[in-house]
Amino acid sequence: MTALISLRDVSKSFGKNVVLDGINLDIYAGEAVAIIGPSGTGKSTILKIMCGLLEPDAGEVWINGEKIKEVGGTSSVHVGMVFQQAALFDSLTVAENVGFTLWQNGCLKPQEILKIVEQKLAMVGLSGILDRYPNQLSGGMRKRVSFARAITEDPRCSQTAQKILLYDEPTAGLDPIASTIIEDLIRDLKVKQQVCDSYVVVTHQHSTIRRTSDRVILLYQGKIRWEGATAEVDRADNPYLRQFFTGSTEGPIQFLGREV
């Protein structure tokens, strides 16, 4: 089976800080993958390389069997990104945020864009908020608006393109109930509404790991230290995994001060 996204010996540094060190990773159609690990270990950087926001310093990125030679995408796979803290434009309405790419392209009539936006908002459980601004929404609602933006695309694009969603800390800063709503939505968009073929979630939150993923990849100091089925997490005898899930200060994981 050809992977939707493959990283081959990918490395990335910021100054003297080596963030990714020879990463090899495949994401296949149908997968729900969680990338976990302590802060500052390159989890968000992996997502940005997958979606073309960053170029690796070394290594190769393959999309659906096609080697990507420069930053950008490929028509065979649509990649949607949900950023930390929603990353909405404060000065734009919900309708303008969700349909941002469509408004910028200027190829569709306003009525057509609004219809698409309303459909996407309905998919994430939000209706009747087109004219609101981000500061008028709760944290959970802002997250869901960012989900709607990630799944919005020009309907004239190839309907045969496979789709993958990348979630960067989707439940960060939310209370347990709001987190559960977001976790359910992540699963629902793939399983029930089928708006994506696969997704990757970067998270620290144990409930998000267990409720949204089928496969877990633990990253530390730029290298994959463990990967396996989510069902195996509690049985695996791996010192990095055990320390991460118990929160112990004793073990191979040492404190890093910032997230990259």
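Only the coordinates and a few stated rules stand behind these numbers; no lab work does. Keep in mind that this is a model prediction, so the values were computed, not measured. Neighbour counts are summed over all protein chains in view; Cβ atoms, including those assigned to glycine, are modelled from backbone coordinates with ideal geometry.
Structure values in brief
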| read-out | value |
| --- | --- |
| For region 19-165, alpha-carbon Rg and Dmax in angstrom | 16.7, 48 |
| Given charges at beta-carbon only (K, R positive; D, E negative), |dipole| of region 5-123 in Debye | 100 debye |
| DSSP-assigned coil residues among trypsin sites (Lys or Arg not before Pro) in region 1-62, each with at most 12 further Cβ atoms within 10 Å | K16 |
| Nearest-20 debye value, region 202-260 charge dipole, Cβ charges on Lys, Arg, Asp, Glu | 120 debye |
| Coil-residue GluC sites (Glu not before Pro) of region 213-258, DSSP, other Cβ within 10 Å capped at 12 | E250 |
| Residue-count net charge about V200 - beta-carbon cut-off 13 Å; Lys, Arg +1, Asp, Glu -1 | -2 |
| Over the chain: helical MRE at 222 nm, DSSP H runs n ≥ 4 each giving -39500 (n - 2.57), nearest 500 | -8500 deg cm²/dmol |
| Which of S248, V216, A95, positive extreme of dipole for the chain (C-beta unit charges) | A95 |
| Spacing of the two label points (7 Å from each Cα toward its C-beta) at N24 and Q119, in nm | 4.2 nm |
| Unit charges at the beta carbon, dipole of region 1-61: most positive-side option, Y28, S13, G59 | S13 |
| Charge dipole (debye, nearest 20) of the chain; +1 at Cβ of Lys and Arg, -1 at Cβ of Asp and Glu | 200 debye |
| Relative contact order of region 30-151, pairs being alpha-carbon contacts under 8 Å that are 6 or more residues apart, as % | 24 percent |
| Zero-based 5 Å bins, Cα pair distances in the chain, whole percents | 1, 6, 13, 17, 19, 17, 13, 8, 4, 1, 0, 0 |
